[in-house]
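Q: This structure is in structure tokens; I'll ask about it shortly.
What follows draws every value from the coordinates through simple rules; no lab data is involved. Note that the coordinates shown come from a computational prediction; the quantities given were computed from them, not determined experimentally. Here the Cβ positions follow ideal geometry from the backbone for every residue, glycine too, while neighbour counts run over all protein chains shown.
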Amino acid sequence: MKLLPQTEHLDLDGPIAHFQTHGFARLGPVLTEGSACRLADRAQALMQGEHPVPGMFFQHDSPTGRYEDLRFNAGWVGPSERYRKLEKLELDPLFASFIENPLFERITRRLLGETVYLYRSVLWNKAPGVGMAVPWHQDDGVFWGLDRPPFLQIWTALDDAPPEAGCLEVVPGSHRGGLATPAGGTITDACLKAADAEAVKTSLPARRGESILVHNHTWHRTGRNRTDSPRRAISISFLDEETRCTRRRRAPRQFKRLFSPG
Ligand SMILES: O=C(O)CCC(=O)C(=O)O
């Protein structure tokens with residue numbers, strides 16, 4: 001997977017310091033136009049059933065466009081441009097080669113150590129004109145089933161993501177408060193009001209191929225896609241070597257190792 005040549009020597013001190021203080025950091029352009037388009041085309045082929053990958057997880061957008069009306073566990077429901085989310089992208093060789101790119105290796109090693117694991121890799125798709133909003137949330141909590149808080153995610157735009165297409169929005173510094181509720185996930189209205197989230201939020205419009213570091217505990221959301229183009233993005237959650245799965249009803253998950261010493 002081709003990254004832009006400047007990523008080879010990208011200075012990481014600034015983005016890492018910003019990430020630690022504010023809970024997010026722009027890395028700037030990372031993917032070449034051609035690579036971003038190839039990944040976006042592959043996402044389209046997966047959704048249309050033209051490139052089946054056994055084991056991939058699909059969640060379709062709700063018929064009403066409301067988050068509350070989502071149908072869970074339906075999986076693949078036939079060719080559609082309106083899948084909202086695809087998980088286990090690492091099962092597809094093209095996405096795997098992006099996930100394991102040398103820039104992400106350098107960043108994750110700086111923050112997580114020499115050995116790095118994958119918690120999840122997700123395609124977030126917003127179909128033209130209808131793709132739904134994702135409400136304020138944190139990416140941790142009981143459903144994550146981990147023995148310590150995960151903290152490093154990298155979000156990458158495969159299409160231009162202006163505010164009207166549903167760019168990322170964050171509450172800067174919110175990661176410092178830990179989980180807003182023990183359950184994690186969606187942030188309650190009471191918490192949003194107490195933090196005055198609407199007043200302090202920052203929008204992060206991005207161009208195709210740009211990447212952004214996002215702390216798992218940073219409150220973030222994305223809006224509805226009101227444009228006539230798709231808005232696709234990938235987010236990858238990384239883990240360090242010590243993190244273990246705590247689930248007990250089924251065998252604990254074994255995470256995929258992405259980067260090893262040397
Ligand atoms: O890009 C999106 O629409 C959602 C991203 C997100 O919420 C996440 O990665 O947790």
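Q: Rg and Dmax of segment 81-177, Cα atoms, in Å?
A: 15.0, 43
Q: Something else now. For a quick check, take a GNM of the chain with Cα springs below 10 Å and name the residue from Gly131, Gly34, Gly166 with the largest mean-square fluctuation.
A: Top of the fluctuation ranking is Gly34.
Q: Moving on to the next point. Could you tell me how many cubic angstrom of Cα convex hull volume segment 116-163 has per residue? It would help to have the intermediate numbers written out before the result.
A: Numbers: hull volume 5.8 nm³, N = 48.
Each residue corresponds to 121 Å³ of Cα convex hull volume.
Q: Considering the dipole of the chain built from charges on the beta carbon (Lys and Arg +1, Asp and Glu -1) around the Cα centre, which of Gln254, Leu112, Ser80 is farthest to its positive end?
A: Of the options given, the answer is Gln254.
Q: Let me ask you something else. With a point put 7 Å past each Cα toward its Cβ, work out how far Gln254 is from Asn73 in nm, to one decimal.
A: According to this spin-label approximation, the distance is 2.7 nm.
Q: Still on this structure, please answer the following. Could you tell me which of Pro205, Val130, Gly185 has its Cα farthest along the dipole of segment 109-227 towards the positive end, charges placed at Cβ (Lys, Arg +1; Asp, Glu -1), taken about the Cα centre?
A: Towards the positive end, the residue furthest out is Pro205.
Q: Just grab the label-to-label distance for Asp189 and Lys85, each label 7 Å out from Cα along the Cβ direction, in nm (one decimal).
A: Going by the 7 Å Cα→Cβ label model, 2.3 nm.
Q: Sticking with this one: Using Cα pairs under 8 angstrom and six or more residues apart, how large is the relative contact order of the chain, in percent?
A: 28 percent.
Q: If the chain between Glu241 and Val130 were fully stretched, how many nm would it gain, using 0.36 nm times the residue separation less the Cα-Cα distance?
A: The span from Glu241 to Val130 would gain 36.0 nm if fully extended.
Q: Rounded to whole Å, give me the distance from the Cα center of segment 32-50 to that of segment 205-242.
A: Value for the Cα centre distance between the two parts: 17 Å.
Q: Taking θ as phi - 60°, what are the ³J(HN,Hα) couplings along segment 89-96 by the Karplus curve (6.51, -1.76, 1.60), each to the nearest whole Hz, with x for Gly and Pro?
A: Values, residue by residue: 4, 4, 6, 9, x, 5, 5, 4 Hz.
Q: Using the Cα centre of the chain as the reference point, and only Cβ charges (+1 on K/R, -1 on D/E), how large is the resulting charge dipole? Debye, rounded to the nearest 20.
A: Approximately 660 debye in magnitude.
Q: Would you please give the residues with an amide H less than 5 Å from that of Asp61, counting only those at least 5 places away or on a separate chain, with H modeled from the backbone geometry?
A: Long-range HN contacts for Asp61: Tyr83, Arg84.
Q: Over all distinct alpha-carbon pairs, what is the Kirkwood Rh of segment 149-262 in angstrom?
A: 16.1
Q: Right, another one. Spelling out what I want: for every residue of segment 16-26, take phi, set θ = phi - 60°, compute 6.51 cos²θ - 1.76 cosθ + 1.60 (Karplus), and round to whole Hz; glycine and proline get x.
A: 5, 5, 5, 4, 5, 7, 9, x, 7, 7, 7
Q: Translational diffusion coefficient, Stokes-Einstein: compute it for segment 12-108 using the Kirkwood radius over C-alpha pairs as Rh, at 25 °C and 0.890 mPa s, and state it as an integer in µm² s⁻¹.
A: 156
Q: Given axes a ≥ b ≥ c from the Cα gyration tensor, I'd like to know whether the chain is rounded (a/c under 1.5), prolate (a/b larger than b/c) or oblate.
A: In terms of gyration-tensor shape, rounded.
Q: Determine the gain in length on full extension of the stretch Arg106-Ser203; use 0.36 nm per residue of separation and subtract their C-alpha separation, reporting nm with one decimal.
A: Difference between extended and current length: 32.3 nm.
Q: Output ³J(HN,Hα) for segment 226-239: one whole-Hz value per residue in order, computed from phi by the Karplus curve 6.51 cos²θ - 1.76 cosθ + 1.60 with θ = phi - 60°, and x for Gly and Pro.
A: 9, 9, 9, 10, x, 10, 10, 8, 10, 10, 10, 10, 10, 10
Q: For Leu258, enumerate residues with amide H under 5 Å from its amide H, sequence gap 5+ or separate chain, H modeled in the peptide plane.
A: Amide H neighbours of Leu258: Val116, Tyr117, Leu118.
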